[in-house]
Amino acid sequence: MRHYTVLRLLLASFLLYFAWPYIPEAVTQIERLFWGAWLGFLLLVVGGNLATLLQIAHPPAMEQKINRSDITQKRTRNY
């Protein structure tokens, strides 16, 4: 399910496209703190999705494929 990862990267880049003109206009300390936190979070999102896309990290549990044989083996084992 690599298309979810690509879609999240596209969404992050889309949000950065709209936010970029407002970042240099930050004059107060609270604005700089907000944009710094926002860019930090954006880097975490992009880095995590790139790690998933490049298969450095395992994808989230809901995106992992389940083998039918694993399910049947778990059901047949009665300890």
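FYI, it's all coordinate maths here, none of it is from the lab. Just so we're clear, the structure is a prediction, and the values are computed from it rather than from any experiment. Using ideal geometry, Cβ is built from the backbone for each residue, glycine included, and neighbour counts are taken over all protein chains shown.
Worth a mention:
- If only residues of the range 1-35 that are free of Cβ contacts under 8 Å to residues at least 40 places away in the same chain and hydroxyl-bearing (Ser, Thr, Tyr) are counted, the one that is farthest from THR52 (Cα to Cα) is THR28.
- For the range 1-41, the set of residues classified as within 28 Å of PRO60 (Cβ to Cβ), among the hydroxyl-bearing types (Ser, Thr, Tyr) and touching a helix residue (DSSP H, G or I) at 6+ places or on another chain (Cβ under 9 Å) consists of TYR4, THR5, SER13, listed by residue number.
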